[in-house]
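Accompanying notes for the structure given below.
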Amino acid sequence: MTASPTAAGERAARSVGLVEGMRWLAGLTRRPDTAWSAWQAGRLVSVPAGAGFVAARVPRQLGLAAHRILQEDHRAFAGPVLRDHELETVEFFMAPSPAVWLGSDVLRLDGGRRSTATVACPPLGQRIDGRLWLIPPHAAPGAAVQCTDPHRLARALTLARGRLHAAGYPAS
């Protein structure tokens, strides 16, 4: 079966968008070239939170439920999302913005001026130390990655908590 020119073009554009997304992420580190080398060697890269994104770390069950809600709501774009199988958490990359209360079960990694908050980011398509991308960073050439809107994430988390509670599960 031969791929249509449109399908091949879409795959190529997606591939370029993923590379550009990782380029943006590497650019947030002190040494982008070192970040690329680490990813090529199959290692995690610690990316400082705060300048280009804020991360929201939530318990696995709640995070996966919120991720599904964001996927269901086509108006609610979900930016990069990481899953950590060892910590049993999900991390959403949000746009830097004034604080939005996401709940007491959410750890906000915002990298203030004196903070050393980082997010350990794996290479594309690889699970390293239990960490893998549910939604990898994606960007147009020369553009920043679009992150999840914190207000939409707060809404998805609230709905997820309600669904989990109604199903008899604890949120965490």
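Please identify the pairs in which a residue from the range 30-57 that is closer than 18 Å to Glu20 by Cβ has its Cβ atom under 9 Å from the Cβ atom of a residue that is part of a helix (DSSP H, G or I) and of a type outside the set (A, V, I, L, M, F, W, C), counting only partners at least 6 apart or on another chain. That search, which allows pairs on different chains as well, returns Pro32/Arg23; Ala35/Gly27; Trp36/Arg23; Val45/Thr34; Gly52/Gly27.
In the range 51-66, how many are farther than 18 Å from Ala117 by Cα and among the basic types (Lys, Arg)? Result for the range 51-66: 1. Residues in the range 55-87 that are at pLDDT below 90 and either part of a strand (DSSP E or B) or among the charged types (D, E, K, R) (or both) were compared, and the one that is surrounded by the most Cβ atoms within 10 Å (Cβ to Cβ) is Asp73.
Taken over the range 88-122, residues that are hydrophobic (A, V, I, L, M, F, W, C), modelled with pLDDT of 95 or more and exposed (fewer than 14 other Cβ atoms within 10 Å of the Cβ) amount to 0. The residue pairs whose first member lies in the range 84-97 and is aromatic (Phe, Trp, Tyr), whose second member is part of a loop (DSSP other than H, G, I, E, B), and whose beta carbons are closer than 7 Å, counting only pairs six or more residues apart or on different chains, are Phe93/Phe53; Phe93/Gly79; Phe93/Pro80; Phe93/Cys147.
Filtered by the rule that a residue be buried (at least 19 other Cβ atoms within 10 Å of the Cβ) and polar (S, T, N, Q), the range 127-149 gives a lone residue, Thr148.
The values are calculated or read from the model by the stated rules, or taken from the named source; none is laboratory data. Since we're looking at a predicted model, the values are computed, not measured. Every residue, glycine among them, receives a Cβ derived from its backbone with ideal geometry; neighbour counts consider all protein chains shown.
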